[in-house]
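This report concerns only the one structure given below.
The values are calculated or read from the model by the stated rules, or taken from the named source; none is laboratory data. None of these values were measured; they are calculated from a predicted model. We place every Cβ from the backbone using ideal geometry, glycine too, and count neighbours over all the protein chains shown. Just the protein is used for accessible areas: all its heavy atoms, side chains included, with ligands, DNA and RNA removed. Shrake-Rupley method; radii C 1.70, N 1.55, O 1.52, S 1.80 Å.
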Amino acid sequence: MRHTLHCFILIMVASVFLASCSTKQTNMQPAGEASAPEAPPFDSAVTFTGTIPCNDCLQVDITLNIRPDGIYQLRKTYLSEQSDASVSSQMGKWRYVADGKFLILGKEMGLLKTYVIESPSRLTFVGWEGSDNKSQIQYELTRSTSPAPFDDVVKIRGMFGINKGTATFKECASQVSFAVNPAGDYNAALQNYMNTPHDMNKAMLLSILGRLVKHDREELVIEQFRKFYPDSDCQGNKIKTSLTGTHWQVLQIQQQKWSEISDKMAHLLLKRDKTIEGFSGCNKISGTFLVKGDVLLIKRDLSSRKACPGGMEGENRLVAVLDDAESFRIEENILELIDQNDQVLARFMAGP
């Protein structure tokens, strides 16, 4: 009986211990799971202003907007006795580091601009990360009573696309999306977008000079179109092979391997001047092409063709593909030519 009672007590103690551990484990953060980052002490959009000395001017007035969507807007106004004030503006992403209460703006010329949040109403400039802090001017910014408007024209890079007839732009640094206003240089951007080979279902990297305006909603105005980068992402990484400037080697026609059709190598080159050249197995290919987004129409030069053993069947089928193609698709280093019924006519692989 005593042995039974002793076992019972041990079991009860073990149960209480395990329950206690279970409760503690529930309250503890799971292993490997990071805690949510602490938010800065701003509950809405705020503006900080200040003045710093200038060697070549009277002073520099600074206006810094910190937006809750992760975007900062910075304006520097250079005041001079000899000429009108000049303004330098930029927009980017801010970050908050709770350990130290650092507010980091970056990056500009490979550097990060760092402030310490002394209080909800005061910032102290620390310096440019990665540079000699001793040579930099130390200054403070104080919080304004209300957010300052900011419609300055700034350099912006982002992913431009068309969704249900509406142009959108996702800014690279902050990943914030804006509807694109049809004013300014919008038509030039849209025309270049349509004339640049790309997948119409995917956004394309765009560099512009633009500004934000707000009426019923906040929109982006493209003041100056600069350039599309159809083969790169926001970080500059190459995401796919370009339609133009690439030697495309024929892999298959319909579902049949090219090596089963012809014993001759065949390739295409679509040049940036909208001309096409290549080799179809027996004869050279030349002509022009028209591209609008993912629409591709090829117009061959109807030159005389010479017959050759082992290559004519493949050439005839490849020529028919070029004549019937109406669109294209690129996945990594594979090009597909597609007909009006969305059927894949041929596949090509990017060559050296």
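For a quick check of your reading of the model, give me the residue pairs whose first member lies in segment 71-88 and is free of Cβ contacts under 8 Å to residues at least 40 places away in the same chain and under 17 Å from residue 211 (Cβ atoms), whose second is among the β-branched types (Val, Ile, Thr) and open to solvent by 50 Å² or more (accessible area, probe 1.4 Å), with beta-carbon atoms closer than 8 Å and at least 6 apart or on different chains.
From residues that are free of Cβ contacts under 8 Å to residues at least 40 places away in the same chain and under 17 Å from residue 211 (Cβ atoms), the pairs are 76/87; 77/87.
Right, residue 260: without any contact (Cβ under 8 Å) to a residue 24 or more places away in the chain, open to solvent by 30 Å² or more (accessible area, probe 1.4 Å), touching a strand residue (DSSP E or B) at 6+ places or on another chain (Cβ under 9 Å) and farther than 27 Å from residue 230 by Cα or not?
Values: without any contact (Cβ under 8 Å) to a residue 24 or more places away in the chain: yes; open to solvent by 30 Å² or more (accessible area, probe 1.4 Å): yes; touching a strand residue (DSSP E or B) at 6+ places or on another chain (Cβ under 9 Å): yes; farther than 27 Å from residue 230 by Cα: yes.
Against the criterion (without any contact (Cβ under 8 Å) to a residue 24 or more places away in the chain, open to solvent by 30 Å² or more (accessible area, probe 1.4 Å), touching a strand residue (DSSP E or B) at 6+ places or on another chain (Cβ under 9 Å) and farther than 27 Å from residue 230 by Cα), residue 260 qualifies.
Among the residues of segment 50-66, what is the count of those that are part of a strand (DSSP E or B) and surrounded by fewer than 15 Cβ atoms within 10 Å (Cβ to Cβ)?
Initial filter on segment 50-66 (part of a strand (DSSP E or B)): 50-52, 59-66.
With the extra rule that they be surrounded by fewer than 15 Cβ atoms within 10 Å (Cβ to Cβ), the set shrinks to 59.
Qualifying residue count, segment 50-66: 1.
Would you say residue 255 is open to solvent by 20 Å² or more (accessible area, probe 1.4 Å) and at pLDDT 90 or above?
Details: open to solvent by 20 Å² or more (accessible area, probe 1.4 Å): yes; at pLDDT 90 or above: no.
Against the criterion (open to solvent by 20 Å² or more (accessible area, probe 1.4 Å) and at pLDDT 90 or above), residue 255 does not qualify.
When you check residue 282 against the structure, is it open to solvent by less than 70 Å² (accessible area, probe 1.4 Å), touching a Gly at 6+ places or on another chain (Cβ under 7 Å) and in contact (Cβ under 8 Å) with a residue 12 or more places away in the chain, yes or no?
On the way: open to solvent by less than 70 Å² (accessible area, probe 1.4 Å): yes; touching a Gly at 6+ places or on another chain (Cβ under 7 Å): yes; in contact (Cβ under 8 Å) with a residue 12 or more places away in the chain: yes.
So residue 282 fits the description; yes.
If you scan segment 285-310, which residues turn out to be open to solvent by less than 80 Å² (accessible area, probe 1.4 Å), more than 18 Å from residue 324 (Cα to Cα) and either modelled with pLDDT of 90 or more or among the basic types (Lys, Arg) (or both)?
Within segment 285-310, none qualify.
What pairs can you find where one residue is in segment 147-172 and within 21 Å of residue 45 (Cβ to Cβ) and open to solvent by 30 Å² or more (accessible area, probe 1.4 Å), the other is part of a strand (DSSP E or B) and aromatic (Phe, Trp, Tyr), and their Cβ atoms are less than 9 Å apart, with a gap of 6+ or different chains?
Close Cβ pairs satisfying both conditions: 170/160; 170/178.
Of everything in segment 299-321, what is out of contact with any helix residue (DSSP H, G or I) (no Cβ under 9 Å at 6 or more places or on another chain), closer than 16 Å to residue 347 by Cα and touching a residue at least 40 places away in the same chain (Cβ under 8 Å)? Give them in sequence order.
Within segment 299-321, 315, 321 meet the criteria.
Is it the case that residue 334 is crowded, with 16+ Cβ neighbours inside 10 Å and closer than 26 Å to residue 192 by Cβ? Spell out the reasoning first.
Details: crowded, with 16+ Cβ neighbours inside 10 Å: no; closer than 26 Å to residue 192 by Cβ: yes.
Spelling it out, it is not the case that residue 334 is crowded, with 16+ Cβ neighbours inside 10 Å and closer than 26 Å to residue 192 by Cβ.
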